[in-house]
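In what follows, a single structure is set out as structure tokens and then discussed.
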Amino acid sequence: MKINILTLFPGMFSGFTSESIIKRAINSGSLEINIVDIRDYTFDKHNTADDTPFGGGAGMVLKAEPILKALEGIDGKVIYTSPQGVRLNQKLSNELSVEKEITIIAGHYEGIDERVIDEKVDLEISIGDFVLTGGELPAMVIADSIARLLPGVIKQDSYEQDSFYNGLLDHPHYTRPAKIGDLEVPEILLSGHHKNIELWRKKESLKRTYLRRPDLLENREFTKEEKKMLDEIKKEV
Ligand code: 9D3
């Protein structure tokens, strides 16, 4: 999959594309990330990419023409990061991950000229109800959540066990050493009894979800095993 990101601040993306899982996804050929500097599509003497808003008021607005020029010849869905957008969730990331090519316009300052949105943007996405300085981090968040779903990027069972995939929060994790002073690891995890370990993890997931995110349980279908565990949890806590 190819993800184009249009930005006025390409330097913010250098760490994103050069580390860890995203780096591996790019090197393996599953993912292509194309950072496009909007300023490369300005053609006046001072390379002006933003201007003051018509009608007055504070802040600056990204000019339409450089963005429209940068979009020329680009295929696929166009996304604009914006506080006015639909909220990103796992379902939306799953849907975007099957596209061949998408383009994310990272907004900055007060936003972009509305005519770009009217003419070129298919979808506006927000990552949540908090105020950031720009759309660069949201663009990375969107790209990251898509990238890990691409074939071969992470092990299949790794995301099948994700909360928001199975609808539950994760269970606790431990690694060596088994004892740090008087801090011990739950004995069951050292038992080698895979079936019991799986049951313990499932119950811990259910317990955390019940205590921390009861909203996630509201519209969920429970297996008989899960119903029994939930009854136990309600007695225990
Ligand atoms: C002070 C500016 N605000 C005036 C009402 C509006 C505003 C514009 C641009 C507030 C924040 C931003 C920058 N944020 C984003 O571009 C953004 C964002 C966010 O702030 N939170 C969650 N998701 C997103 S997606 C893009």
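Numbers below:
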| quantity | calculated |
| --- | --- |
| Given (1) under 21 Å from THR17 (Cβ atoms); (2) in contact with a strand residue (DSSP E or B) (Cβ under 8 Å, 6 or more places away or on another chain), number of the condition ALA64 does not satisfy | (1) |
| Residues that are free of Cβ contacts under 8 Å to residues at least 60 places away in the same chain, hydrophobic (A, V, I, L, M, F, W, C) and part of a loop (DSSP other than H, G, I, E, B), drawn from region 148-188 | LEU149, LEU168, LEU169, ALA178, VAL185 |
| The listed residue being among the small types (Gly, Ala, Ser) and open to solvent by less than 50 Å² (accessible area, probe 1.4 Å), out of ALA58, ALA64 | ALA64 |
| Any chance SER145 is within 14 Å of the ligand (Cβ to nearest atom), polar (S, T, N, Q) and either without any contact (Cβ under 8 Å) to a residue 12 or more places away in the chain or crowded, with 18+ Cβ neighbours inside 10 Å (or both) | yes |
| Criterion (within 21 Å of the chain's Cα centre (by Cα) and at positive phi) met by exactly one of GLY192, GLY167, GLY181 | GLY167 |
| In region 152-180, the residues that are of a type in the set (A, V, I, L, M, F, W, C) and open to solvent by 70 Å² or more (accessible area, probe 1.4 Å) | PHE164, ILE180 |
| Conditions (1) more than 6 Å from the ligand (Cβ to nearest atom); (2) over 20 Å from ALA58 (Cα atoms); (3) in contact with a helix residue (DSSP H, G or I) (Cβ under 7 Å, 6 or more places away or on another chain): number failed by ILE127 | (1) |
| Those residues of region 1-39 which are among the acidic types (Asp, Glu) and surrounded by 14 or more Cβ atoms within 10 Å (Cβ to Cβ), in sequence order | ASP37 |
| Criterion: out of contact with any Ser or Thr (no Cβ under 8 Å at 6 or more places or on another chain) and assigned by TED's automatic domain parsing to the domain that holds ARG148 - qualifying residue of GLY73, GLY107 | GLY73 |
| Matching strands (runs of 3 or more DSSP E) fully within region 56-147 where at least 3 residues are within 14 Å of the chain's Cα centre (by Cα) | 77-87 |
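The values are calculated or read from the model by the stated rules, or taken from the named source; none is laboratory data. Here the structure is a predicted model, which means the values were calculated and not measured. We place every Cβ from the backbone using ideal geometry, glycine too, and count neighbours over all the protein chains shown. We work out accessible area using only protein heavy atoms, side chains counted, and drop any ligands, DNA or RNA first. Shrake-Rupley method; radii C 1.70, N 1.55, O 1.52, S 1.80 Å.
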